[in-house]
Amino acid sequence: MEPKRIREGYLVKRGSMFNSWKPMWVVVLEDGIEFYKKKSDNSPKGMIPLKGSTLTSPCQDFGKRMFVFKITTTKQQDHFFQAAFLEERDAWVRDIKKAIKCIEGGQKFARKSTRRSIRLPETTDLGALYLSMKDTEKGVKELNLEKDKKIFNHCFTGNCVIDWLVSNKSVRNRQEGLVIASSLLNEGYLQPAGDLSKNAVDGTAENPFLDNPDAFYYFPDSGFFCEENSSDDDVVLKEEFRGVVIKQGCLLKQGHRRKNWKVRKFILREDPAYLHYYDPAGGEDPLGTIRLRGCVVTSVESNPDGKKSEEENLFEIITADEVHYFLQAATPKERTEWIKAIQAAFRTGK
């Protein structure tokens with residue numbers, strides 16, 4: 001049997017020969033990491049065995065590069081990867097660390113070990129509960145919270161989750177709420193935000209979820225983003241950068257002149273509604289800006305060259321000035337998430 005795929009997506013990888021940074025399609029397997037030049041490639045450009053490897057995060061070997069982690073193999077070969085933002089890096093790091101730990105213990109990598117480990121009742125439907133929690137009217141309210149001079153966008157506190165479970169009659173008491181919330185956390189329906197909640201996940205406690213007003217969590221597809229709360233009043237941002245970041249990540253973008261496809265890091269802001277794209281291998285200034293006010297966004301089932309392809313996960317943005325942008329997501333789900341996020345931004349943004 002082929003090793004199970006644990007996580008896959010775009011990361012920027014440092015080359016071993018020329019030390020250049022390039023976006024790669026990275027696949028974490030149970031026993032190793034494969035990286036491809038393009039997602040559509042049949043054979044990987046390289047493979048990193050995880051047995052005996054160590055992971056370092058954060059890796060601060062490169063002063064101007066943020067969100068880097070390092071994997072060192074048993075042959076003392078270092079492999080450096082850079083994520084698009086902090087939460088993305090932490091998600092990759094958690095899965096890779098768990099895969100290494102499973103290899104050392106002779107275990108199979110499994111996310112769904114919750115019922116046995118913390119005695120979750122067999123009748124509990126975590127998927128249905130997750131959807132109820134995300135209900136915009138009756139679910140857990142997403143807020144912008146501040147702690148340690150940082151602003152956590154689209155998140156909520158641990159005690160708010162337990163309060164909701166109790167008031168919604170999903171559990172009989174707060175202790176049962178901890179069991180259910182820990183299950184949602186272990187299954188990936190909730191993600192930790194901030195040092196307090198992350199340390200609890202990495203600890204040895206029976207319930208890794210904290211019923212605490214200072215422990216922050218978020219839904220994985222909510223557009224959560226953490227940013228520094230600067231107190232420097234002399235810093236004046238451009239109007240288009242004032243909006244709160246509601247989603248970010250890597251997509252393929254087709255060039256307007258050469259029609260070639262390149263990986264770009266996209267950051268979506270609302271009020272005002274702008275979509276900026278960057279070189280994922282480095283650079284603080286955007287390569288381009290898409291103003292979303294008055295735009296149209298829709299999925300397309302054939303590429304701009306007219307060749308039919310139902311698996312390319314393409315979508316198109318047409319601005320108010322009738323400029324067409326063709327973008328490609330990694331999966332149908334990711335395409336849908338981006339379209340919904342862009343639609344929400346241009347409906348409320350200026």
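What to note about this one:
- Of all stretches in the chain that contain no chymotrypsin sites (Phe, Trp or Tyr not before Pro) in a DSSP loop with at most 16 other Cβ atoms within 10 Å, the longest one is 63-350.
- Rg then Dmax, both in Å and based on the Cα atoms of the range 41-109: 12.8, 38.
- Note on the chain: helix-only mean residue ellipticity at 222 nm, from DSSP H runs of 4+ residues weighted -39500 (n - 2.57) and normalised by residue number, equals -7000 deg cm²/dmol.
- Mean accessible surface per residue for the range 20-83, computed with a 1.4 Å probe while every protein chain stays in place, in Å²: 55 Å²
- Interchain or long-range residues, amide H under 5 Å from Gly46's placed H: Phe35
- Within the accessible area of the chain, the carbon and sulfur atoms contribute 47%, probe 1.4 Å, all protein chains present.
- Using the Cβ-Cβ distance between Thr336 and Lys262 with R0 set to 35 Å, the FRET efficiency from 1/(1 + (r/R0)^6) comes to roughly 0.95.
- Shown for the chain are the DSSP H helices of 15 Å or more along their axis, judged by Cα atoms, with a mean Kyte-Doolittle hydropathy of at least 0.0: 174-186.
- Heavy-atom SASA rank of Leu178, Leu196, Leu275 (probe 1.4 Å, accessible area, largest first): Leu196, Leu178, Leu275
- Net lengthening on full extension, Asn212/Asp279 (0.36 nm per residue, minus Cα-Cα): 20.2 nm
- Across all C-alpha atoms in the chain, the radius of gyration and Dmax reach 21.1, 61 Å.
- Label sites at Asp78 and Leu287, each approximated as a point 7 angstrom past Cα along Cα to Cβ, lie 2.7 nm apart.
- Residue-span extension gain [Lys4 to Lys38] - 0.36 nm each, minus C-alpha spacing: 10.3 nm
- Residue pairs, from the table Lys98/Lys141; Lys4/Lys101; Lys149/Lys262; Lys13/Lys149; Lys45/Lys253, whose Cα atoms sit over 24 Å apart: Lys98/Lys141; Lys149/Lys262; Lys13/Lys149
The values are calculated or read from the model by the stated rules, or taken from the named source; none is laboratory data. Given the structure is predicted, the values throughout are model-derived calculations rather than measurements. Note that we place each Cβ from the backbone using ideal geometry, even for glycine, and neighbour counts take in every protein chain shown. Please note that ligands, DNA and RNA were not included when accessible areas were found on the heavy atoms of the full protein model with its side chains. Shrake-Rupley method; radii C 1.70, N 1.55, O 1.52, S 1.80 Å.
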